[in-house]
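Note sheet for the following structure.
The values are calculated or read from the model by the stated rules, or taken from the named source; none is laboratory data. This structure is a prediction, so every number in the text was calculated from the model and none was measured. We place every Cβ from the backbone using ideal geometry, glycine too, and count neighbours over all the protein chains shown.
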Amino acid sequence: MQDIEGRRALKRSEIHLWFAFPDEIRDPRLLLEYKKLLAPEEGEKQQRFYFERHRHLYLIARALVRTTLSRYTGIPAPDLRFITNEYGRPELDASQGDTIIRFNLSHTEGLIALGVTARQDLGVDVEDMERRGVSTGIADRFFSPREVSDLKKMPENRRRDRFFDYWTLKESYIKARGMGLSIPLEQFSFHLLDKDGIRISFDPGIDDDPGRWCFWQLRPTARHKAAIAISCDVGAEAGYGLELQKSIPLEEESDFDCPISNRSFILR
Ligand SMILES: CC(C)(COP(=O)(O)OP(=O)(O)OC[C@H]1O[C@@H](n2cnc3c(N)ncnc32)[C@H](O)[C@@H]1OP(=O)(O)O)[C@@H](O)C(=O)NCCC(=O)NCCS
């Protein structure tokens, strides 16, 4: 376990990925402490969720973001201010001093993930593969023809797994770009190559360079998949380090381990 009060350092070649498991965090005293961290508008937004499980997820996500970013910036968690770009992507408000730390958040039933980098564009996506209402037929609408064709070739028993590989990777890319669904999902393709790792390609309509992106896939739990996208200014194979941590905000931090594919190397 780390010193929870200490300031966290982050090198330019590092990605720190923090997981929180909302179903494990139920101590009413702790939840009350989390509410004290929220900005007034966050408290109001939390109350507007109809279902308790959504209020809970939102509260833990805010607590994770505020306590974790406070560790990197030295700014007290309740004082952190955020701005959003025109597509809704939150960033730290540069007027409060720290302009180096970048982050991206993703939440789904049972899991929250927060990625942190020093300056690099980063996108994180987590998905619950047991989520209801999601069928692989969605691929016909949102995936590229190449991805759809690959999915159709998969044996039935592996198709859902592959579907979530594509889903999380596609989301991680559009989140790293920070432009949401203004990037047409069917105009870029992932190539999941056993030997050469994960590659991306773009239709002419998307002005981007495949060589500047690195991707990781993770399996944090049996039912969750996660993907990370980062624009690598040190070169795709130069060795980014991915450090995984589990957090119970304000209470405990510990190293976290899970299957990872297509990484450069693992820190620790
Ligand atoms: C909003 C969007 C950025 C992510 O949505 P999502 O996958 O449902 O949700 P996630 O939990 O992964 O991410 C939400 C978080 O991303 C961050 N975010 C919001 N807008 C963002 C943007 N433009 N870029 C990057 N991050 C963004 C926020 O922190 C948000 O959490 P918060 O509102 O609690 O602060 C957008 O990509 C979207 O609507 N995706 C759905 C697309 C889809 O239907 N895909 C189907 C198959 S690929």
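Couple of notes before you dig in:
- For region 191-218, taking the residues that are buried (at least 16 other Cβ atoms within 10 Å of the Cβ) and in contact with a Lys or Arg (Cβ under 8 Å, 6 or more places away or on another chain), the one that is modelled with the lowest pLDDT is identified as L192.
- Checking each residue in region 112-124 for being under 11 Å from the mean Cα position of the chain (by Cα) and either within 11 Å of the ligand (Cβ to nearest atom) or of a type in the set (S, T, Y) (or both) picks out I112, A113, L114, G115, L122, G123, V124.
- Any chance T67 is more than 14 Å from the ligand (Cβ to nearest atom), touching a strand residue (DSSP E or B) at 6+ places or on another chain (Cβ under 9 Å) and in contact (Cβ under 8 Å) with a residue 60 or more places away in the chain: yes
- Pairs with Cβ under 6 Å, 6+ apart, first in region 72-96 and under 19 Å from G180 (Cβ atoms), second of a type in the set (A, V, I, L, M, F, W, C) and assigned to a loop (DSSP other than H, G, I, E, B): Y87/M179
- Qualifying residue in region 98-117 (condition: surrounded by 14 or more Cβ atoms within 10 Å (Cβ to Cβ), modelled with pLDDT of 95 or more and over 22 Å from F19 (Cβ atoms)): no
- Scanning region 88-111 for residues that are near the ligand (Cβ under 8 Å from one of its atoms) and over 16 Å from I15 (Cα atoms) returns G88, R89, P90, H107, T108.
- Among the residues of region 147-158, those that are surrounded by fewer than 14 Cβ atoms within 10 Å (Cβ to Cβ) and either near the ligand (Cβ under 10 Å from one of its atoms) or not hydroxyl-bearing (S, T, Y) (or both) comprise K152, K153, P155, E156, N157, R158.
- Residues of region 173-189 classified as over 9 Å from S144 (Cβ atoms) and more than 10 Å from the ligand (Cβ to nearest atom), total: 1
- Within region 125-139, the set of residues being in contact with a helix residue (DSSP H, G or I) (Cβ under 6 Å, 6 or more places away or on another chain) and either under 30 Å from I100 (Cβ atoms) or near the ligand (Cβ under 9 Å from one of its atoms) (or both) comprises D125, E127, A139.
- Output for region 115-174, where each listed residue is of a type in the set (G, A, S), closer than 14 Å to A226 by Cβ and assigned to a strand (DSSP E or B): G115, G123
- Residues located in region 52-67, provided they are surrounded by 22 or more Cβ atoms within 10 Å (Cβ to Cβ) and of a type in the set (D, E, K, R): R62, R66
- Selected residue (only one of L10, L30, L57 is under 21 Å from the mean Cα position of the chain (by Cα) and at pLDDT 95 or above): L57
- Hits in region 159-172 (condition: more than 8 Å from the ligand (Cβ to nearest atom) and either free of Cβ contacts under 8 Å to residues at least 12 places away in the same chain or closer than 17 Å to W216 by Cα (or both)): D161, R162, F163, F164, D165, T168, L169, S172
- S144 vs. criteria over 14 Å from the mean Cα position of the chain (by Cα), away from the ligand (no atom under 12 Å from the Cβ) and polar (S, T, N, Q): no
- V126 passes every criterion in (1) modelled with pLDDT under 95; (2) within 21 Å of F188 (Cα to Cα); (3) not acidic (D, E) apart from (1).
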